[in-house]
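Working notes, beginning with the structure itself.
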Amino acid sequence: ATVIHGNAFVEGPKIVAKLLEEKKRGWFYLDPPFAIRDGMADIYERTQRLIASLDPEAVIKIVVEHDAKVVFPDEIGPYKLLKTRRFGASALSWYAIAE
């Protein structure tokens, strides 16, 4: 596994490009800041746009950590929601390619 601490909106496309170049696939764990922070009101919309843009040829699964009050859609681009689990104020939502 490789952990990359950085801005997913910048690093995500770079990682996908590298995976495609190497003919590999990977999991993505996205942990955007909760929308309650200043300047983050649209963070979940931006996260959903990022997920929709990730090439399914390079992505096996995507896990998103988010505020438990936020409901993520059943589908984002080519990805389908598998499950959501809540842990107090946080939740994890798992996505994979829609079959």
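Taking all protein chains together, Phe87, Phe72 sort by accessible area into Phe87, Phe72, largest first [probe 1.4 Å]. Here's how it looks for Ser90: its modeled amide H is under 5 Å from those of Ala68, which are all 5 or more places away or on a different chain. The C-alpha atoms of the chain occupy a region whose extents along the principal axes are 38, 30, 23 Å, arranged from largest to smallest. Between the helical axis of 43-53 and the longest alpha-carbon principal axis of the chain there is an angle of about 20 degrees.
Across Glu22, Glu57, the residue with the most accessible area heads the list, and the full order at a 1.4 Å probe is Glu57, Glu22. Applying the Karplus relation 6.51 cos²θ - 1.76 cosθ + 1.60 with θ = phi - 60° to segment 58-72 yields 3J(HN,Hα) values of 10, 10, 8, 9, 10, 10, 10, 8, 7, 4, 5, 6, 8, 9, 7 Hz, where x marks Gly and Pro. Taking each DSSP H run with n ≥ 4 as -39500 (n - 2.57) and averaging over every residue of the chain yields -8000 deg cm²/dmol at 222 nm. Accessible area ranking (1.4 Å probe, heavy atoms, ligands and nucleic acids excluded), largest first, for Ser53, Ser90: Ser53, Ser90. For the chain, the longest principal axis of the C-alpha atoms and the axis of helix 8-21 are separated by about 20°. Hey, which aspartates and glutamates would be in cross-link range of Lys83, C-alpha to C-alpha under 18 Å, not counting anything within fewer than 8 residues on its own chain? Leaving aside aspartates and glutamates fewer than 8 places away in the same chain, those within reach of Lys83 are Asp31, Glu65, Asp67, Asp74, Glu75, Glu99. Which one of His66, Phe87, Ala98 has its Cα pushed farthest toward the positive end of the charge dipole of the chain, where Lys and Arg give +1 and Asp and Glu give -1 at the Cβ? The one lying farthest along the dipole's positive direction is Phe87. Only Cα pairs under 8 Å and 6+ residues apart enter the sum, and on that basis the relative contact order of the chain stands at 25 percent.
The values are calculated or read from the model by the stated rules, or taken from the named source; none is laboratory data. Just so we're clear, the structure is a prediction, and the values are computed from it rather than from any experiment. No Cβ is skipped: glycine too gets one built from the backbone with ideal geometry, and neighbour counts run over all protein chains shown. Surface accessibility is based on the protein's heavy atoms, side chains included, excluding ligands, DNA and RNA. Shrake-Rupley method; radii C 1.70, N 1.55, O 1.52, S 1.80 Å.
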